[in-house]
Structure formats: structure tokens, C-alpha cells
Amino acid sequence: MSALVPCPVCGRSVPEWYANDHLDRECTGMQTDSAAGSGGPGLPAKRAPGPASPSGARKKATTLFSGPKKAAPLPAAAGPTSAAPVPGGLLVRSSDSGGSLDEGDGGKQDDAGTEKRLRNTQLPLAERLRPLSLDQFVGQQKLVGPQGILRTLIESDRIPSMILWGSPGLGKTTLARIIARRTNSAFKEMSAVTQNTADVKKVIEDAKNLARLAARRTILFLDEIHRFSKAQQDVFLPYLERGQIILIGATTENPSFRLNGALLSRCRVFRLEPLPDEDVAAIADRACRLKQQDAGVSAVGLDAGIAKYIAGVSGGDARIAINVVDLAMGALGSGETLTLDCVRRALQRTHVVYGAEEHYDLISALHKSVRGSDANAALYWLGRMLQGGDDPVYVARRMVRMASEDIGLADNGALPLAVAALHACQAIGMPECDTILAHCAVYLARAPKSVESYKAFKRVKAAVAAEHPWPVPLHLRNAPTRMMEELGYAKGYKYNPDYDGPVDQDYLPEQIKDRDFFQDPR
């Protein structure tokens, strides 16, 4: 018995051997295209005379799908996109084959969908405000502005495999959904938090069937792609190599650290930058106006000072700004107006956004501030690290390094102090050890600096790595046995305490005895 396969157009399950005839004769999704050949709309197309031929049916089905096909107008919906079911849970997003979403019937339908979504108070405020087109998208002008490279690729429907990298709230998922609305490809949205490689393989198999039966590409959007291990990420490689799927990955972590190098070589990486304060303020103002409309009052927006404050504490994250407005206005009583105190109470910032990459950026800033003798900046970066939850013992270990690398011989008291700070942090922990770290950071920043020993040892390491391991001179070797004495071990060694002044004696191998590692050879 032949296995059943889903039709890539209408979703109906049909025998595999009959799939092409189904596309040719009775698929309801084909009625519009086949009406001219059937004698009237809604009737299956007439077949050309001649014996039934699987290859002929396949050829005709492919022809129907190979060219650009204008999609039906988007139905009004509460969500950001509307979708039709196709095989294996793939989502085919309705989209125009060209032109702006604000033009023609598609643009009118988008407006209707936007209005319905904005009125749906059951959705989170950030979802209600999510842009549906590039013209509504705020920020990232280098990518999606009028001359942006990503905008050009999206509008021409030449989407490459890509990684969208940036902090939360910058628009990675929004960009992916805009692509879903604009592309003629099938689109599947997944999350590495809740799904695994078995789910990915199922989508890839469906994508292969869709390409074979309907000559249609599939775009797979995988949010939080860094949650897949590097071994799990390997699942994409053969299919990206053969062009069987287009992958759009979104990550908040540095792809260089968290993504497979082979995967990165097959994708373009687009970095999304934090939004400038004026853009965040505009988004917060729009959120306030929508909340005011919900309450049935005049939509006057935010006071400029409040908008500026929200933008300043949001760190370029639009979602934080929207959520602060939502919470602050939701706590207002009847007749109350939004004040700065209301916003501060709603914010209640007990932590900062702090990722793996920022951890390394901050310790680098702390080290360079100490090296530059800026105690003020060193304290600031120390505070940022501790507020972000960094391990105080890690910070103290780095200070021990600074004491030798940057202060060194200029102040021999720096190293004992740094080691004492490390032991104190291990003994008492946070929050009490924060003052100890501050004490050490200020001392190190204000101390005189010397990198003499640090640079000399760097030259030694370079020489050891690049040159022959020269033998120890015989006069510097010990001679614990008679045989070693007979071989010349320790012969001619001058015992320094036996001499009143400097001793003329070589301590380096003969081949490099005149080299001075404290002098820059350049």
C-alpha cells in the first residue's frame, strides 16, 4: 500500500503515487491557476490528451510553482502574521511577490491586520507594537534603512542564510517575521529553547518534499540558536551546503564563541546595534499612546523628560522600555497621570543585562583603567561587574595579575595587597568583599607603573618558543657524583659569596650569552 503524503498546497493527505495527479486535477489551491484551462472557475483543469505519465504530471506541477506567484491578500489577524498550513507544520506566510507592503491590496490588508492587533488587549504590549514592515521598523539603519544591505535582500526576496546577532529587544525576531511576510518561500519559526534536532530534521525533510513537489524554498528561523551545542549545529551543514534550506538564526551571544565555525562559514552574520535613546524614547511614547487609547483617554503620549529617563535606563532595549511603560501605566489609579516617580517604582532595577561577551568587555575595561591610572573609571567598571553578578574571586584573581603585569617592580607592595584581597574575597564573599575589591582597585590604579619584568619575560617566552633549547653550561650544573665531576660538571663555577665584588661569570648558554632580554631588540 502506498504511503500517504501531504499536498504542499492544500495540505490534504493523498497517496504518494497520486500526488502529481492530485496537483494537476483536483487540488483546491490550484483552482485559480487552472480555471483558464477548465472552462470555469472552481473546476479541475482538463488534462492534455495522451496516456497518463508520472513524468508529465511532475513537469506540469513544477511549471505551476516555478515562477513568482502573487499570494492572496493577508487576512486580518490578531497576530503579526497569518499563515496557511502545509506539510509537517510548515508555515507559508502570505506575501506579495514585489512592491511595498503599504501598496495595493496587501497594504490595505496589513493596515486592517495592524488595527485589529493593536486593539487586542490580550496580547502583550510589546507584541501589539511589533512592526509588520521595514517601513515601521525602528533603528538598525545600516541594515534595513533605505540603503541597508539587508533591506535590499529582503525586498528582492534573495534571502541568504544568516545569523542575526544582538542583545535582547533589538528586533531580531521582528526582522525574521518581516522576512516571512515578504518572501515567497515557506517559513518555519522554531526555538532552540523548546525544540531539538529531531524537530529540525522533520522540518528539513518537509522542506525537501516541498522543493521536490512544488519547487518552493523553505526558510527556517531558529531563535536562540546558541542554545544548540556545536555538535547539534552540525545538523544544518549538509542541507545548507546543498541549498535545501535557508537558515536564519538569532542569538544574543557572540557567534564567534558559541556557533560552529563551519556553520558560520555558510551564513552571513548581521550585528544589530543597541537602539539610540531617541528611538527608544519614540517607542516608549508610542506604547504610552496605545495604553492611553486602551483606557479611553486622550492619547497625548509621554512627557519628554519621562521618555528620556525611560530611554536612558533601557540600555537600547525597546522591549524593556515598552514593559516599563506597560507596568507603570497599569499601576495608575483612575484619573492619575504618569509621573517620573511612577516609572521609577515600576522599573525597580535590581540587576543589569549581562551576557558572556559583556563579562569579557567589562574586565578588559577594568584592567585598562587600572593600567591607565584612572581610579575613578576602575571603580565604575568594578561596580558594573559586581552588579552584574560576576564572581568576586574571579575579579580578585585578575587584580593579582594586574599587580605584577602593570605595577610590577615600581611598587612591590601591590602584589601582596592583591593576594590579600583574593584571600579576603574567598573568606567572606559578597556583599562584604566589595569594599575590599574597591580598596585594591584604587590602590592598583594609583600605584606607579612598570612593565619591565612583564616585557622581559614576554621576550624570553618568544625566544624559548622559536629557538633551539640550548644546553645548560657545564659550570652551572651540579656534580653530585664522581662521574659527573670527571665529565666537567660544575668545573670552574665561581661561588659568589666568596668574592667581594661582582663576579665575571656567564649565566646564559654560550650561543646567547650576550643577549639582554630587558632591552628591546628593535
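The values are calculated or read from the model by the stated rules, or taken from the named source; none is laboratory data. As the structure is a prediction and not an experimental result, all values here were calculated from the model. Quick reminder, even Gly has a Cβ in these numbers, built from the backbone with ideal geometry, and neighbours come from all protein chains shown.
Couple of notes before you dig in:
- Thr194 falls short on exactly one of the conditions (1) of a type in the set (Val, Ile, Thr); (2) surrounded by 22 or more Cβ atoms within 10 Å (Cβ to Cβ); (3) assigned to a loop (DSSP other than H, G, I, E, B), and that condition is (2).
- Residue among Arg271, Arg319 that is touching a residue at least 12 places away in the same chain (Cβ under 8 Å), in contact with a Phe, Trp or Tyr (Cβ under 7 Å, 6 or more places away or on another chain), closer than 25 Å to Phe187 by Cβ and of a type in the set (Lys, Arg): Arg271
- Leading residue by the ranking (surrounded by the most Cβ atoms within 10 Å (Cβ to Cβ)) among those in the range 197-232 that are closer than 18 Å to Ile163 by Cβ and among the basic types (Lys, Arg): Arg227
- Ala186 being buried (at least 17 other Cβ atoms within 10 Å of the Cβ), touching a Pro at 6+ places or on another chain (Cβ under 6 Å) and not hydroxyl-bearing (Ser, Thr, Tyr): no
Residue by residue, here is whether (1) in a helix (DSSP H, G or I); (2) at pLDDT 90 or above; (3) within 22 Å of Leu409 (Cβ to Cβ) holds:
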{"position": "Ile436", "(1), (2), (3)": "yes, yes, no"}
{"position": "Ala445", "(1), (2), (3)": "yes, yes, yes"}
{"position": "Pro448", "(1), (2), (3)": "no, yes, yes"}
{"position": "Glu485", "(1), (2), (3)": "yes, no, no"}
{"position": "Ala490", "(1), (2), (3)": "no, yes, no"}
{"position": "Asp514", "(1), (2), (3)": "no, no, no"}
{"position": "Pro521", "(1), (2), (3)": "no, no, yes"}
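- The range 211-231, subset in contact (Cβ under 8 Å) with a residue 40 or more places away in the chain and part of a helix (DSSP H, G or I), residue nearest to the chain's Cα centre (by Cα): Ile225
- Candidates are the residues of the range 462-496 that are hydrophobic (A, V, I, L, M, F, W, C) and over 60 Å from the mean Cα position of the chain (by Cα); the one that is nearest to Lys513 (Cα to Cα) is Ala490.
- Only one of the numbered conditions (1) touching a helix residue (DSSP H, G or I) at 6+ places or on another chain (Cβ under 9 Å); (2) outside any loop (DSSP other than H, G, I, E, B); (3) not assigned by TED's automatic domain parsing to the domain that holds Lys188 is violated by Asp341, and that is (1).
- Unique match (being touching a residue at least 40 places away in the same chain (Cβ under 8 Å), closer than 30 Å to Ile512 by Cβ and part of a helix (DSSP H, G or I)) among Arg459, Arg401: Arg459
- Condition met for Glu405 (farther than 21 Å from Asp391 by Cα, surrounded by 15 or more Cβ atoms within 10 Å (Cβ to Cβ) and modelled with pLDDT of 90 or more): yes
- Subset of the range 497-515 that is of a type outside the set (A, V, I, L, M) and surrounded by 11 or more Cβ atoms within 10 Å (Cβ to Cβ) - its residue that is farthest from the chain's Cα centre (by Cα): Tyr499
- Residue within the range 92-100 that is modelled with pLDDT under 85, surrounded by fewer than 22 Cβ atoms within 10 Å (Cβ to Cβ) and not polar (S, T, N, Q) present: yes
- Filtering the range 326-362 to residues that are more than 13 Å from Ala307 (Cα to Cα), polar (S, T, N, Q) and modelled with pLDDT of 75 or more leaves only Thr337.
- Residue check for Leu143: under 20 Å from Leu220 (Cα atoms) and either touching a residue at least 12 places away in the same chain (Cβ under 8 Å) or surrounded by 18 or more Cβ atoms within 10 Å (Cβ to Cβ) (or both): no
- Residue match in the range 356-374 (condition: at positive phi and touching a residue at least 60 places away in the same chain (Cβ under 8 Å)): yes
- Enumeration of residues in the range 234-245 that are out of contact with any Lys or Arg (no Cβ under 9 Å at 6 or more places or on another chain) and under 13 Å from Ala262 (Cβ atoms): Asp234, Pro238
- Pro502 fulfils the conditions (1) closer than 30 Å to Asn412 by Cα; (2) not in a loop (DSSP other than H, G, I, E, B) except for a single criterion, (2).
- When the residues of the range 252-276 are filtered to those that are surrounded by 17 or more Cβ atoms within 10 Å (Cβ to Cβ) and closer than 30 Å to Ala307 by Cβ, the one that is farthest from the chain's Cα centre (by Cα) is Leu275.
- Criterion: touching a residue at least 12 places away in the same chain (Cβ under 8 Å), within 25 Å of Arg397 (Cβ to Cβ) and not β-branched (Val, Ile, Thr) - qualifying residue of Asp506, Asp434: Asp434
Yes or no, residue by residue, for (1) of a type in the set (S, T, N, Q); (2) outside any helix (DSSP H, G or I); (3) modelled with pLDDT under 90:
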position	(1), (2), (3)
Gln122	yes, yes, yes
Glu127	no, no, yes
Asp135	no, yes, yes
Val138	no, yes, yes
Lys142	no, no, yes
Leu164	no, yes, no
Pro168	no, yes, yes
Asp199	no, no, no
